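Working notes for the structure below.
The values are calculated or read from the model by the stated rules, or taken from the named source; none is laboratory data. Since this is a predicted model, take the numbers as computed values, not measurements. Neighbour counts are summed over all protein chains in view; Cβ atoms, including those assigned to glycine, are modelled from backbone coordinates with ideal geometry. When the accessible area is computed, the model is the full protein with side chains, heavy atoms only, and any ligands, DNA or RNA have been set aside. Shrake-Rupley method; radii C 1.70, N 1.55, O 1.52, S 1.80 Å.
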Amino acid sequence: MKLELHWQILIGMILGAALGIGANIQLSTRTSVLTVADGLPQSIADKHDITSAIVMDSSNLIKVTWVKTDGSEETRIVDPTGKEPGAVLMLEDLKKKSPLAHELYSLAPSYAKIIGQWCKRIGSLFLRLLQMVSVPLIITSLASGVLGLGGASRFGKMFSTTLGYYMCTSFLAILTGLLITNIINPGLNSEIRLDLGVAQVEPKSITETLMEQVEAMIPANPFEAIASAKFLSVISFTIVFCIFALQVGGDVHKRFQQLAGDGFAVMMKLTTAIIKLAPYGVFLLMIYVTATQGAKVFSALGWYMLAVVVALGVHAFVTLPLVLWLLGKRNPFGFLQHMSPALLTAFSSASSNATLPITMSNIEERAGVSNRSSSFVLPLGATINMDGTALYEAVAVLFIGQLAMGDEFTFMHQVSVAVTALLASVGAAGIPHAGLVMMAIVLQAVNLPIEYQGIILAVDRVLDMMRTAVNVWSDSCGTALVDHLIDNPDAPEVANAA
Ligand code: ASP
């Protein structure tokens, strides 16, 4: 019997974490002599006038000594017990008091560090595969969604109402995510700090931030945008291209639709194949994280998961039902019950696309929404309306930002996160882990390296299941709303019975 992918990932995660923590406990000590011939960079030796350094690291004391060219020696000590005179209490303090001592300490190898770095290198191949598919996946997924609208004449009121709903609810979802994360502060509450040399970002003004996003949406050269994986530019150009292909109509529309559909089918297959490697990727990246950072990494992930779950809960059980009740004039409880098979399928498959046939049949047959609305709003929604994903991108990047930059992750950064999370969710395909692929766009917007994703990868599957259910729930509420707002002569009576 073959285990389901999410079980495999869970096992990969637990095994990786156990091995990594074991390595961290057993193999973390670093006792070595650094010379220019062996591990001490010439630039540091020249800059500080030193010939060699000795790093001694026992379980409760770190001693860094360096020898100057004139033969004199200097020593810095880290002693958590505070007994050693002149010693600092924590490694972080050493960084502030003596950057040189900290740098020398980081240069000294430990087995845990070496193992961790290799696991990171190999595990990053999995991330590279995800990066590899992201641009073609976005283009084909978006194109087949927009071109599937059926013809330029069907735009009009339904299109604007649908888009209005998508944008408003996604934005509300992002705001909820940011708000809850700012209350829970998962990154600030944790002890770990990511310190991989983040480029220092000057906080920008809100006008500057927004102008940059607008500029990115108008690529001067769309091919260059595709080649250099500028997601924002790729998404906007694809949408504009498809809208105009719809306007040209006829055979041109049909051929492009066929091409986009075929391309999407291939990309989905490829992506699904890559995602099968997730257990190995998770295993290796988990070893990397825990071998280099220790078990404390889990407390941070606990807070992070809490933030995602609470925010998704608020959006799914408060915001969307209110919208449905007030604007769609429909009983949210009855509707939830009607849609439950689709929602449970979304939860277990973590794919809005895979769930689409069930969503369509539930909404028409159980909830009584007209086929005219559902055939228009649902497929488009499965591709571009992802409230759960948008919320998740915002929480995840804010969490990573807090870990990497602490308090320096400013309000302006959060504005960038909000805008790009919306676009990332529009670009994400309705397949498992697509949100993870798209997170690069949000990380890019706030200058955080993509490697930081490694830290949240381990718990992505379980959060993916939840956010996919929210994605499908939002598509369903949107369809009922549009059905109510747009005059539907063929809407069956049962539509408002729930
Ligand atoms: N799995 C999600 C979906 O299919 C997309 C995501 O990864 O956020 O809706």
| task | Test ALA342 against the stated conditions and say whether it is within 16 Å of the ligand (Cβ to nearest atom), under 23 Å from ALA390 (Cβ atoms) and at pLDDT below 85. | result | no
| task | Please work out which residue is farthest from the ligand (Cβ to nearest atom), limiting yourself to region 457-488 and to residues that are under 19 Å from LEU327 (Cα atoms) and outside any helix (DSSP H, G or I). | result | ASP487
| field | Filter pass, THR319 being surrounded by 18 or more Cβ atoms within 10 Å (Cβ to Cβ), within 16 Å of the ligand (Cβ to nearest atom) and touching a residue at least 12 places away in the same chain (Cβ under 8 Å) | value | no
| task | Being farther than 18 Å from ALA428 by Cα, assigned to a helix (DSSP H, G or I) and open to solvent by 30 Å² or more (accessible area, probe 1.4 Å) is the filter here, so list the residues in region 263-283 that pass it. | result | TYR280, PHE283
| said: Looking at region 15-71 only, could you name the residues that are of a type in the set (A, V, I, L, M), over 25 Å from PRO85 (Cβ atoms) and at pLDDT 85 or above? | reply: LEU15, ALA17, ALA18, LEU19, ILE21, ALA23
| note | Contact list, first residue from region 213-228 and farther than 19 Å from VAL442 by Cβ and assigned to a helix (DSSP H, G or I), second anywhere and open to solvent by 60 Å² or more (accessible area, probe 1.4 Å) and at pLDDT below 90, beta-carbon distance below 9 Å, six or more apart or interchain, is GLU224/LYS230
| said: ILE243 - would you say it is in contact with a Phe, Trp or Tyr (Cβ under 9 Å, 6 or more places away or on another chain) and either at positive phi or not hydroxyl-bearing (Ser, Thr, Tyr) (or both)? | reply: yes
| remark: Within region 92-117, residues aliphatic (A, V, I, L, M) and either in contact with a His (Cβ under 7 Å, 6 or more places away or on another chain) or open to solvent by less than 20 Å² (accessible area, probe 1.4 Å) (or both) come out as LEU94, LEU100, ALA101, LEU104, ALA108, ALA112
| said: Restricting to region 161-207, and then to whatever is hydrophobic (A, V, I, L, M, F, W, C) and assigned to a loop (DSSP other than H, G, I, E, B), can you tell me which residue is modelled with the highest pLDDT? | reply: ILE192
| task | May I ask you to list the residues in region 373-431 that are open to solvent by 10 Å² or more (accessible area, probe 1.4 Å) and within 10 Å of the ligand (Cβ to nearest atom)? | result | THR383, ILE431
| said: Just checking, does region 284-299 include any residue being in contact (Cβ under 8 Å) with a residue 40 or more places away in the chain, exposed (fewer than 15 other Cβ atoms within 10 Å of the Cβ) and either part of a helix (DSSP H, G or I) or in contact with a Leu (Cβ under 9 Å, 6 or more places away or on another chain) (or both)? | reply: yes
| remark: Filtering region 432-450 for residues that are near the ligand (Cβ under 6 Å from one of its atoms) and open to solvent by 20 Å² or more (accessible area, probe 1.4 Å) leaves a count of 1
| said: Looking at region 405-442 only, could you name the residues that are within 21 Å of LEU179 (Cβ to Cβ) and aliphatic (A, V, I, L, M)? | reply: MET405, MET412, VAL415, VAL417, ALA418, VAL419, ALA421, LEU422, LEU423, ALA424, MET439, VAL442
| request: Just need a number here: residues in region 349-372 that are in contact (Cβ under 8 Å) with a residue 12 or more places away in the chain, within 15 Å of the ligand (Cβ to nearest atom) and either over 22 Å from MET267 (Cα atoms) or of a type outside the set (Ser, Thr, Tyr) (or both). | output: 6
| query | Between a first residue in region 96-111 that is within 12 Å of LEU40 (Cβ to Cβ) and a second residue that is hydroxyl-bearing (Ser, Thr, Tyr), which pairs have beta carbons less than 6 Å apart while being 6 or more apart in sequence or on different chains? | reply | ALA108/SER32
| request: Taking the residues in region 226-244 that are modelled with pLDDT of 90 or more and either open to solvent by 70 Å² or more (accessible area, probe 1.4 Å) or among the small types (Gly, Ala, Ser) (or both) as candidates, determine which candidate is farthest from ALA429 (Cα to Cα). | output: PHE244
| Quick one: is GLY82 at pLDDT below 80 and in a loop (DSSP other than H, G, I, E, B)? | yes
